[in-house]
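Okay, so here's the structure we're looking at.
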Amino acid sequence: MELSANAKINLTLDILRRREDGYHDLQMVMQAVTLADTLTVTPAQGAEGQAVSDLHFLPTGDKNLAQMAAAAFREAAGLGGEVDVSIQKHIPVCAGLAGGSADAAAVLIAMNRLTGAGLSPAGLAKIGERVGSDVPFCVLGGTALAEGRGELLTPLSSLPPCHIVICKPPFSISTPQLFGRVNVRKIVRRPDTAGVIAALDAGDLAGVARRMYNVFEDVLERRRSAEINEIKAALIDCGALGASMSGSGPSVFGLFDSRDSAQNACARLRETYRDVFLCAPAR
Ligand code: C5P
């Protein structure tokens, strides 16, 4: 069975409080995008399932999120044998785009079909919670408000059709370390989450774009922050209606109403960066 696994971007990311369990309560407007990995899921050849990808440095055994998802499905549904998963990666890894979570979600969807278990998307999302905080959203896709650890999802009005340019600078940021740098009481700038939701309801792309923000941008190391701001400025300069960092970074994206402007932004960013993608909202 072949499936595609869509990346996500954060139109907003706000951190409300640190919890007793070490996680943080978040409030994020999440959007699935057409930048996607391709997965092939088949019954395992050997006694144990394998996850392989075309990126040699990704874990292949039970540390691979796709294999963790297969194990979580078997345990929760009490159904399904071992599976081999082959992943063609297009979503950059450790990028704030939920690449690993997207693959895990695709495996849950594949196993649900292969076994005929007939679980609802909400049921699959619940299983996904054990694999990672972004997996439930990746199961449901579209546009949603994610709260709690990221697992409490409310579908939102779709992002109006637009062109999305994503640029990942060549460094990675550790998500737990970045959470560790946040002092919730000292957050000065926050996204206008309610305003973004109202703009989505009104079908107002520019209204969404101008209210986007990610509180992690305030706690980046100085030189990282400078680079993120340069990419945002280049996107805006090329005509983006708004630009923001996604997740725990370092990917930065811009929303465009004009395809020509988005293509120009890609060409300009490709002079400096290898990982630049032009994509669209995925429903
Ligand atoms: O759930 P996931 O494995 O993706 O989370 C990775 C790490 O990010 C967690 O171990 C935690 O340190 C941090 N995290 C958090 N609050 C969240 C989600 C993740 O502190 N809501």
When you check Leu205 against the structure, is it within 20 Å of Leu97 (Cβ to Cβ), of a type in the set (A, V, I, L, M, F, W, C) and touching a residue at least 12 places away in the same chain (Cβ under 8 Å), yes or no? no
When the residues of the stretch 1-42 are filtered to those that are hydroxyl-bearing (Ser, Thr, Tyr) and assigned to a strand (DSSP E or B), which remaining residue is farthest from Leu79 (Cα to Cα)? Thr12
Take the residues in the stretch 120-134 that are crowded, with 20+ Cβ neighbours inside 10 Å and closer than 20 Å to Leu79 by Cα, then tell me which one is farthest from the ligand (Cβ to nearest atom). Leu124
Filter the stretch 143-178 down to residues that are farther than 28 Å from Glu230 by Cα and without any contact (Cβ under 8 Å) to a residue 24 or more places away in the chain and give me whichever is farthest from the ligand (Cβ to nearest atom). Pro155
For the stretch 21-52, how many residues are among the charged types (D, E, K, R) and within 16 Å of the ligand (Cβ to nearest atom)? 2
Given the stretch 151-259, what strands (runs of 3 or more DSSP E) lie entirely inside it while holding 2 or more residues that are buried (at least 16 other Cβ atoms within 10 Å of the Cβ) and modelled with pLDDT of 95 or more? 163-168, 242-245, 252-256
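Residues are listed down the side, and each one gets a yes or a no for (1) within 16 Å of the ligand (Cβ to nearest atom); (2) at pLDDT below 95:
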site	(1), (2)
Ala69	yes, no
Lys89	no, no
Cys94	yes, yes
Ala98	yes, no
Which one of Val52, Val139 is out of contact with any Cys (no Cβ under 7 Å at 6 or more places or on another chain), closer than 30 Å to Arg18 by Cα and not basic (Lys, Arg)? Val139
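The values are calculated or read from the model by the stated rules, or taken from the named source; none is laboratory data. Bear in mind the structure is a predicted one, so any value in this text is a computation, not a measurement. Here Cβ is always computed from backbone atoms with ideal geometry, including for glycine, and neighbour counts include all displayed protein chains.
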